[in-house]
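Below is one structure; the comments refer to it alone.
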Amino acid sequence: MILEMVRLRVLGPRARLPEVIRVVQDVGVLHLAPPPERPQLEGFLMSPADARRRRAIARAIDEVEGALAGLGAGTARAAAPPAGVADFARWTRVAHRVRRRVGALAGRAAALEEERALLARYRDFFEAFEALLRSRGGTAAATVFHVVLRADQADQRPKLEAGLRQLVGPAFESVARRLPSGETAM
């Protein structure tokens, strides 16, 4: 004889559940059957539209995270009000512009830092030549050449001066100052 099956919910203390089920089965009013075996996760194929949306969202996240990283901001997420597609697209464009601008500013900052380091390196050099030019009171007809000899070339200074005096004649004057780096400014 085939009986109609009914879904049954048993309520009560969990500790007494095995005892209740055994008694109900002994009476013959309950038969337990295991659920059918099905895979827990099934494969999911995205539609082309969903794949495009997924790529757009991934790009937007990359833009926002790149902009935040460039600004030195953390990745803490603030609760945002629900947004529509237009808001999402606008925020993505803003994040893209901010990211590009931050990149450009970072490049400019690196270039300025390199220039500052170069100026700091040659600071003593510039100060030496400033003092040399002021002490001589530059004339309009004079041509001035600035030469820096490395520390290991200091012994070449007399040869350089002799060669220039021979080339230019008696109108030649050489003034030199030793720099803290060991180089010689002429």
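Looking only at the stretch 157-186, which residues are under 14 Å from Val147 (Cα atoms) and open to solvent by 40 Å² or more (accessible area, probe 1.4 Å)?
Listed by number, the residues that qualify are Arg157, Pro158, Lys159, Leu160, Leu164, Glu173, Arg177, Arg178, Glu183.
Each row is one residue, and each column tells you yes or no for (1) touching a Ser or Thr at 6+ places or on another chain (Cβ under 9 Å); (2) of a type in the set (Val, Ile, Thr); (3) at pLDDT 80 or above.
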position: Glu65; (1), (2), (3): yes, no, yes
position: Gly74; (1), (2), (3): no, no, no
position: Ala104; (1), (2), (3): no, no, yes
position: Ala109; (1), (2), (3): no, no, yes
position: Tyr122; (1), (2), (3): no, no, no
position: Ala131; (1), (2), (3): no, no, no
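With the structure loaded, tell me whether Ala140 is under 30 Å from Leu71 (Cβ atoms) and modelled with pLDDT under 80 or whether it fails that test.
So Ala140 fails the test.
The values are calculated or read from the model by the stated rules, or taken from the named source; none is laboratory data. In this text, all values refer to a predicted model and were calculated from it rather than measured experimentally. Virtual Cβ from ideal backbone geometry, glycine too; neighbours counted across all protein chains shown. When the accessible area is computed, the model is the full protein with side chains, heavy atoms only, and any ligands, DNA or RNA have been set aside. Shrake-Rupley method; radii C 1.70, N 1.55, O 1.52, S 1.80 Å.
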